[in-house]
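Asker: Got a structure for you, questions after.
The values are calculated or read from the model by the stated rules, or taken from the named source; none is laboratory data. Worth saying up front: this structure is predicted, and the values here are computed from it rather than measured. All Cβ positions, even for glycine, are placed from backbone atoms using ideal geometry, and neighbour counts span all protein chains on display.
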Amino acid sequence: MPEHTTPIVSATLVNQVADWLMQQALAEGNLERIVMGCCERLRAAGLPLTRGYFAFRTLHPLHRAIGITWSNGRGTTIEGYPHVHEGISEQFRAGPHFYMMERDLDYLRCRLDGGERACDFPILQDLRGEGMTDYLAFVVDFATDEGAGMLGSWATDIEGGFTDDTIEALSRIRDRLAVACKMAMKGKLMRTVAQTYLGADAGARVLSGQIQRGDGQSIRSAIWYTDMRGSTVLADHLPRQDYIDALNAYFDATGGAVRDAGGEILTFAGDAMLAIFPLDEAREPIGATCGRALRASLDAVARMTETNAARRAAGKDPIGFGIAMHLGDVTYGNVGTSSRLTFSVFGQAVNEVARLEALTKELDRAVVASETFARHVDADWRPHGRHCLRGVDAKIEVLVPEQLCPALEPEAETA
């Protein structure tokens with residue numbers, strides 16, 4: 001039911017909320033905490049807020065934007081809006097913010113209790129059903145970022161809706177909230193981009209300041225490498241989008257297995273992927289770390305089996321692949337030119353795991369491991385001889401997980 005008490009807005013407390021938002025902007029605070037803290041403080045200052053909604057464009061592989069909704073007594077909820085054709089969903093087109101952007105409006109007030117300037121958007125019908133009496137939408141454009149900004153709205157269930165004092169206070173807070181959220185979004189964006197393109201650990205290292213060429217350290221790691229078979233033939237014969245879809249399906253299966261086993265994906269090179277499972281014996285025995293790498297391999301094979309079954313059902317060629325596991329010392333850090341760097345692992349062990357993977361085709365096996373790796377994993381292994389690897393002086397003993405000893409399906413081998 002609507003509240004009946006006329007609110008008394010404290011200008012002093014509203015000023016304190018504005019100061020708090022500037023502190024959050026300087027600290028690049030957490031976006032959700034900023035939104036919740038602002039709404040709760042405004043209500044404590046006497047503003048009769050019942051609901052607040054705020055949306056921001058984001059640079060994310062899955063979402064074009066995120067929305068945060070605050071409700072009095074229920075806290076905040078976050079929703080991600082997926083990428084859609086032409087960038088604008090039908091739901092957004094039917095809403096008040098699209099109406100405002102089309103007309104270059106900064107504010108739009110809609111009375112929901114039958115008062116003047118009533119509006120009719122689907123979202124407002126929902127808010128009427130929840131007992132809201134007034135709605136004030138706004139758009140803040142970030143002039144330095146084309147197409148970026150903050151969309152938002154305030155709603156109340158107080159009888160008579162927002163007073164002029166309340167609207168004045170919300171207008172004062174709007175831009176400061178936008179600044180604080182913009183800074184939080186920039187920090188979140190940096191972390192998302194770093195994690196998406198570098199990986200979680202490498203991204204964190206770069207953001208912490210490990211950015212100079214030559215920065216790095218020697219670590220011991222289980223090294224995981226996979227490569228797609230017959231990719232040149234596929235690229236030559238498939239339409240461009242079909243080939244990209246095949247690559248993504250392959251990386252979804254193999255990369256998803258590595259991620260779920262706690263590995264760190266470092267590099268996609270064409271149709272190959274390099275990942276590591278760093279050793280930290282203070283936290284986990286070496287056998288457990290290598291065991292996670294083996295689990296990723298078995299999971300990747302299972303996922304690719306499902307992927308290829310779906311491709312056959314759709315009349316598409318299956319995807320052939322190989323996976324190799326190795327253990328060794330690597331250099332983990334930055335290399336490249338003075339102005340273009342990459343963060344990955346380097347060293348002889350990295351070269352060896354790539355050469356090992358090439359043996360999967362010769363041995364007709366999906367997964368191989370070096371004896372150096374396999375000796376640490378409590379699993380059934382079948383020896384497959386000692387082999388010379390290009391660029392490696394000594395022969396390396398190669399083993400295959402017993403459960404994968406049946407040969408790869410012939411059609412997958414020639415895909």
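Asker: Could you list, in sequence order, all residues of the range 276-286 that are surrounded by 15 or more Cβ atoms within 10 Å (Cβ to Cβ) and over 25 Å from Asn248 (Cβ atoms)?
Answerer: Selection gives Pro278, Leu279, Glu284, Ile286.
One line per residue, one yes/no per condition, for (1) modelled with pLDDT under 90; (2) outside the structural domain of Arg375 (by TED's automatic domain parsing):
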| position | (1), (2) |
| --- | --- |
| Val139 | no, yes |
| Glu146 | yes, yes |
| Asp157 | no, yes |
| Glu168 | no, yes |
| Lys188 | yes, yes |
| Asp227 | no, no |
| Leu238 | yes, no |
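Asker: Take the residues in the range 155-173 that are in a helix (DSSP H, G or I) and of a type in the set (A, V, I, L, M, F, W, C); name whichever of them is surrounded by the fewest Cβ atoms within 10 Å (Cβ to Cβ).
Answerer: Among those residues, the one meeting the criterion is Ile167.
Asker: Which of (1) under 23 Å from Glu362 (Cα atoms); (2) assigned to a strand (DSSP E or B) is the odd one out, the single condition Tyr250 does not satisfy?
Answerer: Status for Tyr250: all satisfied but (2).
Asker: Out of all the residues in the range 374-384, is one or more within 17 Å of Leu298 (Cβ to Cβ) and crowded, with 22+ Cβ neighbours inside 10 Å?
Answerer: yes
Asker: Here is a further query. Looking at this structure, is Ser231 crowded, with 18+ Cβ neighbours inside 10 Å, in contact with a Pro (Cβ under 8 Å, 6 or more places away or on another chain) and at negative phi?
Answerer: Against the criterion (crowded, with 18+ Cβ neighbours inside 10 Å, in contact with a Pro (Cβ under 8 Å, 6 or more places away or on another chain) and at negative phi), Ser231 does not qualify.
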